[in-house]
Amino acid sequence: MSKCEYLLMQGISKSYDGTQALRGVTFSADLGEVHALVGENGAGKSTLIKILSGAVRHDTGQILLEGKPVSLDSPLHAHRAGIRAVYQEFSLVPHLSVTENILLGQMPRRRFHWWVDWAAAHRQAQAILDELGFTGIDVRTPVSQLSVSYQQMVEIAKAVAGRPRILILDEPSAVLSQEELKRLFALMKQLKAASTLILYISHRLNEVFEVADRITVLKDGEIVGTVRPQDTDEGQLIRMMVGRTLGEFYPKREAKIGGEVLAVRGLSREGAFTDITFSLAHGEILGLFGLVGSGRTQVARSIFGAEPPDAGEIRLEGKLVRLRSPREALQAGIALLTEDRKRDGLVLSCSIRDNISLATLPQVTRWGFLDIGRMDARVQRQVQDLAIRPPQINRLVRQLSGGNQQKVALAKWLLTQAKVLILDEPTRGVDVATKVDIYRIMSDLADQGMGILLISSELPEILGMSDRVLVMREGRLVGEFSRAQASEERLLACAAGLLQ
């Protein structure tokens with residue numbers, strides 16, 4: 001270092017149950033910069049920032065702020081040191097209002113400090129959201145009633161309200177629309193100008209190049225190097241991250257599209273979507289694109305029986321089906337990989353074996369007893385085929401990286417041998433190599449005749465994987481494009497109501 005930077009993490013090591021997560025990492029960053037951390041899932045990024053935010057204690061090494069050693073043994077100590085973190089897993093209290101979450105622990109009080117001054121609290125929370133450019137949020141609403149993107153905004157507002165010297169953003173853009181992302185980047189520029197150090201973790205390399213002053217790459221718990229965006233490109237970063245060239249992201253395949261497997265006619269649900277009509281063929285990957293709030297996820301949940309429609313019909317291979325629950329949808333041959341794997345896709349406190357087997361327990365049950373040997377064999381095949389790491393089926397899912405958790409969630413549905421697989425944001429929060437693995441799996445499943453409905457906010461993903469693309473806006477289908485017709489400009493214009 002040419003000068004003493006504000007933050008220095010020196011010789012940091014950490015292991016979990018014999019697995020070395022960090023190996024003598026030395027990392028530095030300064031006030032007034034955006035410093036990006038990139039690497040595959042399991043590279044050590046999350047462990048490093050959790051140590052800095054006081055959520056995890058390191059085994060060896062020390063942390064210095066302005067050249068002075070500090071002890072960050074808890075999130076409270078980190079807060080007192082001016083460090084705030086916005087994690088992938090929200091730390092909001094669901095039953096409390098937006099105001100209470102943003103001002104948690106610092107609610108304004110009336111005289112004698114006996115009662116909360118609710119009017120002042122709501123004004124203060126609203127002022128914070130307005131200052132950040134986060135509009136459209138009612139501060140009196142319980143956060144459990146907000147969309148995932150609005151919850152992300154509240155999480156960021158809560159962190160920024162403390163006027164941090166160091167702000168950690170872990171995959172903050174994963175659930176934000178393009179317009180919301182622009183607001184976040186504008187906020188980051190303001191904080192940077194006010195001499196805040198921003199540590200930015202993202203798997204979206206285009207974002208990293210847009211916002212970062214420096215980029216540090218981690219691999220297998222060690223730092224590979226630190227580079228400036230103007231001195232490198234995405235190809236070099238990927239090589240640093242995975243140790244090899246990935247080549248094409250999206251598999252080149254000749255689509256073998258067969259007969260109709262799913263037909264949706266006039267599907268409607270009050271307050272969510274209206275008159276949704278489309279079809280999906282065997283061997284087809286059908287993309288469904290739309291801005292946040294367009295109703296894509298609600299349509300998926302309705303087809304899966306989680307939120308039954310008020311009107312319309314669903315046919316599977318020509319047969320009318322009435323799906324009033326996910327159980328009935330599974331029995332009919334429809335599976336759904338949910339948008340939020342940790343909330344409603346996995347049981348984090350259970351093992352890899354238990355999670356992968358959850359949807360197919362009747363298939364490994366005899367006379368009311370589980371056939372553990374058969375169950376283990378089925379799970380081991382999925383772990384091997386999907387390259388889940390570490391390949392220990394007794395390991396708790398909460399101990400896995402985000403990418404491997406997503407593979408476990410996907411493996412659960414692959415065992416059902418469904419005719420229709422709905423994938424809602426299947427690569428959200430996963431690294432580049434895991435994305436390529438998931439794309440390969442999707443391509444293989446389509447080649448085997450499965451119909452796939454792909455819901456994604458990432459336009460390159462929609463364009464790279466879809467045989468056709470549907471576009472939703474404000475709860476309605478507003479466009480359909482063939483692979484040859486689809487482009488980023490057309491899809492965005494259609495989603496924004498600028499193109500019919």
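The values are calculated or read from the model by the stated rules, or taken from the named source; none is laboratory data. Keep in mind that this is a model prediction, so the values were computed, not measured. Here the Cβ is made from the backbone with ideal geometry for all residues, glycine too, and neighbour counts use every protein chain on show.
Below, the figures for the structure above:
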{"quantity": "Residues of region 333-357 that turn out to be surrounded by 16 or more Cβ atoms within 10 Å (Cβ to Cβ) and without any contact (Cβ under 8 Å) to a residue 24 or more places away in the chain, as a count", "calculated": "1"}
{"quantity": "Exclusive hit being within 30 Å of residue 20 (Cα to Cα) and either touching a helix residue (DSSP H, G or I) at 6+ places or on another chain (Cβ under 6 Å) or in the same structural domain as residue 340 (by TED's automatic domain parsing) (or both), set 468, 476, 483, 389", "calculated": "389"}
{"quantity": "Filter result (touching a Lys or Arg at 6+ places or on another chain (Cβ under 9 Å), hydrophobic (A, V, I, L, M, F, W, C) and crowded, with 22+ Cβ neighbours inside 10 Å) within region 288-313", "calculated": "288, 289, 299"}
{"quantity": "Hits in region 19-71 - residues which are of a type in the set (Asp, Glu), in contact (Cβ under 8 Å) with a residue 60 or more places away in the chain and either out of contact with any helix residue (DSSP H, G or I) (no Cβ under 6 Å at 6 or more places or on another chain) or not assigned by TED's automatic domain parsing to the domain that holds residue 201 (or both)", "calculated": "30, 33, 66"}
{"quantity": "Breaking point among (1) in contact with a Leu (Cβ under 6 Å, 6 or more places away or on another chain); (2) surrounded by fewer than 18 Cβ atoms within 10 Å (Cβ to Cβ), for residue 470", "calculated": "(2)"}
{"quantity": "Residue selected from region 87-146 under the condition small (Gly, Ala, Ser) and part of a loop (DSSP other than H, G, I, E, B), by the criterion nearest to residue 340 (Cα to Cα)", "calculated": "91"}
{"quantity": "Those residues of region 199-245 which are of a type in the set (A, V, I, L, M, F, W, C), farther than 19 Å from residue 181 by Cβ, modelled with pLDDT of 90 or more and within 23 Å of the chain's Cα centre (by Cα), in sequence order", "calculated": "217, 218"}
{"quantity": "Close pairs from region 280-298: first over 9 Å from residue 474 (Cα atoms) and acidic (Asp, Glu), partner modelled with pLDDT of 95 or more and in a loop (DSSP other than H, G, I, E, B), Cβ under 6 Å, at least 6 apart", "calculated": "284/467"}
{"quantity": "Residue match in region 49-68 (condition: hydroxyl-bearing (Ser, Thr, Tyr), part of a loop (DSSP other than H, G, I, E, B), out of contact with any His (no Cβ under 7 Å at 6 or more places or on another chain) and surrounded by 22 or more Cβ atoms within 10 Å (Cβ to Cβ))", "calculated": "yes"}
{"quantity": "In region 259-283, residue farthest from residue 319 (Cα to Cα) [restricted to those that are out of contact with any Gly (no Cβ under 7 Å at 6 or more places or on another chain) and exposed (fewer than 15 other Cβ atoms within 10 Å of the Cβ)]", "calculated": "271"}
{"quantity": "Filter pass, residue 109 being touching a Phe, Trp or Tyr at 6+ places or on another chain (Cβ under 8 Å) and either surrounded by 17 or more Cβ atoms within 10 Å (Cβ to Cβ) or modelled with pLDDT under 95 (or both)", "calculated": "yes"}
{"quantity": "Selection count where residues are in contact (Cβ under 8 Å) with a residue 40 or more places away in the chain, closer than 23 Å to residue 191 by Cα and among the polar types (S, T, N, Q), scope region 118-157", "calculated": "3"}
{"quantity": "Residues (part of a strand (DSSP E or B) and more than 15 Å from residue 224 (Cα to Cα)) located in region 14-34", "calculated": "14, 15, 16, 19, 20, 29, 34"}
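For every residue, the table says whether it meets (1) hydrophobic (A, V, I, L, M, F, W, C); (2) touching a strand residue (DSSP E or B) at 6+ places or on another chain (Cβ under 9 Å).
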residue: 90; (1), (2): yes, no
residue: 110; (1), (2): no, yes
residue: 128; (1), (2): yes, no
residue: 148; (1), (2): yes, no
residue: 151; (1), (2): no, no
residue: 165; (1), (2): no, yes
residue: 174; (1), (2): yes, no
residue: 184; (1), (2): yes, yes
residue: 195; (1), (2): no, no
